[in-house]
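Following: one structure in structure tokens, then a few remarks.
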Amino acid sequence: MAWAVGAGVCLALALPGVGLVPLVLLVPGLLRRALQGVAGVRAARIGWIAGFSQWAVAVPWVVIVLHRYGHAPLLLAIGGWLAMAGMLGTTWALAAWVACSGRASWLPWALPLALAAVEVLQGLPPWHFPWNPVAAVATGWPWLLLPVATVGSAGLSLLLLAVGGALDALFAPGLRRLGALQLATVAVAAVVAAAAAPPFRPAGGAVQVAALQPNVPLEERWESGNREAIEGRVWDLSHAAVRGGSRWVVWPESAVPRIVERDGALHRRLEEFARLQQVWLTVGSIGLGRWSEAAYFNSVYTVTPAGLAPWRYDKIHLVPFGEYVPLLGRLAVLRPLVREVGGFTPGRNPLPVPGPVGPVGMEVCYEVAFPQLAAEQVRLGARVLATITNDGWYGDSAAPRQHLALAQLRAAETRRYLVRAANTGISALIDPRGRPLERLGVGRLGMVSGVVEGGEGITPAVAYGGTVRVALVVLGLGGILVGAWVCRRWRPVTGAAMGAQGRSHA
């Protein structure tokens, strides 16, 4: 059990927030030791313990969301956090069960492959939570991101885990030759992937952009007495950005407590500001349903110097425990909590919105966790990416750092600049290699400003990322199971044949 807990805790501590990057290399070895000599249900149980430990250490900020902002009793909030860790731990249980279905000597490569495969599944129902991929560890040392434009974040997760598995095998009796071969294979694959990653290709010109960080605490934002002060802060930052030379101003998610489509005064002021200052504005606001105002969307509006653009972007992937409560929200006892936390409707159209250097691929808050969304937007012509968020839900926890790391992965995968405006931080400008050029920490008032360029071209991660993810699942789960089945079938047949041959010679 201690080995399993250690594996999970090491991964949690390697992720952004604590950021002890080398600990990721210990994960496969510790888990292999925990799984020695076991299989089936017992292996799944040990894998679940490792996964539960990882998620419990990595996401305690769920308690902040549920208790402070969802108004759940503290014990219920703690229960929600532990339930979430338990649910996500089932992916590790599946990986351990599959990896242990074959020979013990397979574990140095089977565990990394199975863990990378279930990481892909983690972004699908019933989990739908592609947070904290192993690849996020690489953002702590950005040079590790070099292969990601070729293999995507899923492929990078596999490479990191495979290195750890190889290093473990090098020090294990009977596995050293396998470890050396595996390490050499992974090293060659990483070098080839890094060399094959295309360079950034500028297109559409450059623009100075400012991402605003008004630093309005979540509990103050919707109090009517604070509206004037909040709006004044956002407009002051906008004017300061223009005075500093910015021609594109990005507001964070729901920066002001108004609804653009209902508030004529705000609508007019936005258009007047953009026209007089000759700037572009990207503004987050609650969007109304096109056929029923009973439906609410988390939307992004674009205001050009010629006026409000005739279409908006509606957030497609809603944030669990922020805009809905996954799975648990179906329970009657938690329905009041779901209404408190959020009641948004997901959007459907990923089409990029207009921008000063060409189309802009928008990801609102949690959406930046989904590599397929950014990839689709780039395929649809996005020349730059932007994400707006309000991480005030999570306080000064590891969550804002983990969230920023996901934005770094999307920039590096797509070879696009990414602009990140966060209400309470961390706002950042990220270059096409995933490196933050400018950043403003949690709890600080201000903005990040700099020049970003439009880009063009499709990276292998954008073109084939979906194929890589499917291949990982097929090989990492199906391939191991088929291989184990073949081995079980082969050994009895071989033994019987040899026995028959011996009797005939006698």
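Readers should treat all values here as calculations from the given coordinates under stated rules, not as data from a laboratory. Note that the structure is a prediction, hence the values are computed from the model and not measured. We place every Cβ from the backbone using ideal geometry, glycine too, and count neighbours over all the protein chains shown.
Going by C-beta contacts inside 10 Å, put Ile286, Ile480 in order with the fewest on the left.
Ile286, Ile480
What's the ranking of 195-201, 252-258, 130-136 by average number of surrounding C-beta atoms within 10 Å, highest first?
130-136, 252-258, 195-201
Can you give me the Cα centroid spacing of region 353-379 and region 421-435 in angstrom?
About 14 Å separates the Cα centre of region 353-379 from the one of region 421-435.
Apply the a/c threshold of 1.5 to the C-alpha gyration tensor of region 201-456 and tell me whether it is rounded, prolate or oblate.
rounded
How big is the Cα convex hull of the chain in projection, averaged over all directions, in nm²?
Answer in nm², one decimal: 26.2.
Amide H neighbours of Leu437 under 5 Å, at least 5 residues apart or on other chains, H built in the peptide plane: list them.
Result for Leu437 returns Leu429, Ile430, Asp431.
Restricting to DSSP H runs of at least four residues, report the calculated mean residue ellipticity at 222 nm for the chain, -39500 (n - 2.57) per run over all residues, nearest 500 deg cm²/dmol.
Value at 222 nm, helices only, nearest 500: -15000 deg cm²/dmol.
Please sort 261-267, 52-58 by packing, taking for each peptide the average over its residues of neighbouring beta carbons within 10 angstrom, highest first.
Highest-to-lowest ranking by the protection proxy: 52-58, 261-267.
Kindly give the semi-axes, whole Å and largest first, of the ellipsoid equivalent to region 41-168, taking each as the square root of 5 times a Cα gyration tensor eigenvalue.
Gyration-tensor ellipsoid for region 41-168: 28, 20, 11 Å.
Check Ala255: other-chain or 5+ apart residues with amide H under 5 Å from its amide H, H built from backbone geometry?
Long-range HN contacts for Ala255: Gly284.
May I ask for the angle, rounded to the nearest 10°, between helix 107-121 and the longest principal axis of the chain, with both axes built from Cα atoms and the value confined to 0 to 90°?
30 degrees
Helix 480-505: angle to the longest alpha-carbon principal axis of the chain, degrees 0 to 90, nearest 10?
The answer is roughly 10 degrees.
Going by C-beta contacts inside 10 Å, put Trp143, Trp92, Trp81 in order with the fewest on the left.
The most exposed by this proxy come first: Trp143, Trp81, Trp92.
For region 208-218, in order, what is each residue's ³J(HN,Hα) by Karplus, 6.51 cos²θ - 1.76 cosθ + 1.60 with θ = phi - 60°, in whole Hz (x at glycine and Pro)?
Ordered by residue, 3J(HN,Hα) equals 7, 10, 10, 9, 7, 9, x, 6, 9, x, 4 Hz.
Please list the non-local residues whose amide H lies under 5 Å from the amide H of Val384, H modeled 1.01 Å from N, same-chain partners needing a gap of 5 or more.
Gly361, Gly455
Using the Karplus curve 6.51 cos²θ - 1.76 cosθ + 1.60 with θ = phi - 60°, what ³J(HN,Hα) values do you get for each residue of region 371-387, in whole Hz, with x for Gly and Pro?
Taking θ as phi minus 60°, the curve returns x, 5, 6, 4, 5, 5, 5, 5, 5, 7, x, 4, 9, 8, 10, 9, 10 Hz for region 371-387.
Per-residue HN-Hα couplings for region 250-256, Karplus 6.51 cos²θ - 1.76 cosθ + 1.60 at θ = phi - 60°, whole Hz, x for Gly and Pro?
So the Karplus estimates, Gly and Pro as x, are 10, 8, x, 4, 6, 5, 10 Hz.
Can you tell me how region 154-302 classifies by the Cα gyration tensor, rounded, prolate or oblate, using a/c under 1.5 as the rounded cut?
Prolate, since a/c reaches 1.5 and a/b exceeds b/c.
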